[in-house]
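Q: My questions all concern the structure below.
The values are calculated or read from the model by the stated rules, or taken from the named source; none is laboratory data. The structure displayed is predicted, hence computed values, not measured ones. Every residue, glycine as well, gets a Cβ built from its backbone with ideal geometry; the counts of neighbours run over all protein chains shown. Ligands, DNA and RNA are stripped out before the accessible areas are found, and what is left, the full protein with its side chains, is counted by its heavy atoms. Shrake-Rupley method; radii C 1.70, N 1.55, O 1.52, S 1.80 Å.
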Amino acid sequence: QVQLVESGGGLVQAGGSLRLSCAASESIFSISVMGWYRQAPGKQRELVATIIRGGTTNYPDSVKGRFTISRDNAKNTVYLQMNSLKPEDTAVYYCKATKLGWSYWGQGTQVTVSS
């Protein structure tokens, strides 16, 4: 079972930046896909970014060009660099790991962007 712990959330003004971290309990090199998702109040959880073992990344149009996902295999950590933040980016951000068909989630970290 993969355990994930997110950190780095907080309150930031519109136009600012934050970097989220997701520390895994085991080597992320063995994990097929690592991703970030978010859920705003009253809305469904949505994809923010994914990175596969080979390094290929994927983003929805809503964050493309502003957010960057990366991984540090030596630290078993995945990052989400968020720039040019908007109030609509306010949500709880979750880290997800997919390994051998199983999905594992972290507890989430709150990101609040003020206008």
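Q: Please state which one of GLY101, GLY42, GLY35, GLY106 is small (Gly, Ala, Ser) and farther than 21 Å from GLN1 by Cβ.
A: On the way: GLY101 fails: farther than 21 Å from GLN1 by Cβ; GLY35 fails: farther than 21 Å from GLN1 by Cβ; GLY106 fails: farther than 21 Å from GLN1 by Cβ.
Being small (Gly, Ala, Ser) and farther than 21 Å from GLN1 by Cβ holds for just one of GLY101, GLY42, GLY35, GLY106, which is GLY42.
Q: VAL2 fails exactly one of the following numbered conditions: (1) at pLDDT 95 or above; (2) open to solvent by less than 40 Å² (accessible area, probe 1.4 Å). What is the number of that condition?
A: With respect to (1) at pLDDT 95 or above; (2) open to solvent by less than 40 Å² (accessible area, probe 1.4 Å), VAL2 is out only on (1).
Q: Only one of (1) modelled with pLDDT under 95; (2) touching a helix residue (DSSP H, G or I) at 6+ places or on another chain (Cβ under 7 Å) is not met by GLY55, so which one is it?
A: Failed condition: (2).
Q: Say whether the condition of being assigned to a loop (DSSP other than H, G, I, E, B), basic (Lys, Arg) and more than 11 Å from the chain's Cα centre (by Cα) is met by at least one residue in the range 94-110. Show your work before the answer.
A: Kept after step one, since they are assigned to a loop (DSSP other than H, G, I, E, B), are these residues of the range 94-110: 100-101, 106-108.
Then keep just the ones that are basic (Lys, Arg); that gives none.
No, there is no match, as no residue in the range 94-110 is assigned to a loop (DSSP other than H, G, I, E, B), basic (Lys, Arg) and more than 11 Å from the chain's Cα centre (by Cα).
Q: Does the range 51-65 contain any residue that is under 28 Å from GLY101 (Cβ atoms), in contact (Cβ under 8 Å) with a residue 60 or more places away in the chain and open to solvent by less than 60 Å² (accessible area, probe 1.4 Å)?
A: Checked against the condition, which is being under 28 Å from GLY101 (Cβ atoms), in contact (Cβ under 8 Å) with a residue 60 or more places away in the chain and open to solvent by less than 60 Å² (accessible area, probe 1.4 Å), the range 51-65 yields no hits at all.
Q: Is it true that ARG38 is touching a residue at least 60 places away in the same chain (Cβ under 8 Å) and either within 15 Å of the chain's Cα centre (by Cα) or under 15 Å from VAL113 (Cβ atoms) (or both)? Working first, answer last.
A: Values: touching a residue at least 60 places away in the same chain (Cβ under 8 Å): yes; either within 15 Å of the chain's Cα centre (by Cα) or under 15 Å from VAL113 (Cβ atoms) (or both): yes.
Taking the combined requirement at face value, the residue satisfies it.
Q: Can you tell me which residue among SER17, SER30, SER7, SER62 is among the hydroxyl-bearing types (Ser, Thr, Tyr), at pLDDT below 95 and touching a strand residue (DSSP E or B) at 6+ places or on another chain (Cβ under 9 Å)?
A: Details: SER17 fails: at pLDDT below 95; SER7 fails: at pLDDT below 95; SER62 fails: at pLDDT below 95.
Result: SER30 is the single residue among SER17, SER30, SER7, SER62 that is among the hydroxyl-bearing types (Ser, Thr, Tyr), at pLDDT below 95 and touching a strand residue (DSSP E or B) at 6+ places or on another chain (Cβ under 9 Å).
Q: Filter the range 70-100 for residues that are of a type in the set (Gly, Ala, Ser) and in contact (Cβ under 8 Å) with a residue 12 or more places away in the chain; which is most open to solvent (accessible area, probe 1.4 Å)? Break it down into steps so the answer makes sense when it comes.
A: Of the range 70-100, the ones of a type in the set (Gly, Ala, Ser) are 70, 74, 84, 91, 97.
Cutting the leftovers down to in contact (Cβ under 8 Å) with a residue 12 or more places away in the chain gives us 70, 84, 91, 97.
Working: SER70: 47, SER84: 64, ALA91: 3, ALA97: 0 Å².
Top of the filtered list is SER84.
Q: Let me ask something else about it. If I filter the range 20-48 down to residues being assigned to a strand (DSSP E or B) and over 16 Å from ASN76 (Cα atoms), which single residue comes out as least open to solvent (accessible area, probe 1.4 Å)?
A: Filtering the range 20-48 down to residues assigned to a strand (DSSP E or B) leaves 20-24, 33-39, 46-48.
Of the ones still in play, those that are also over 16 Å from ASN76 (Cα atoms) are 37-39, 46-48.
Working: TYR37: 45, ARG38: 17, GLN39: 62, GLU46: 78, LEU47: 57, VAL48: 0 Å².
Step by step, filter the range 20-48, then rank; the result is VAL48.
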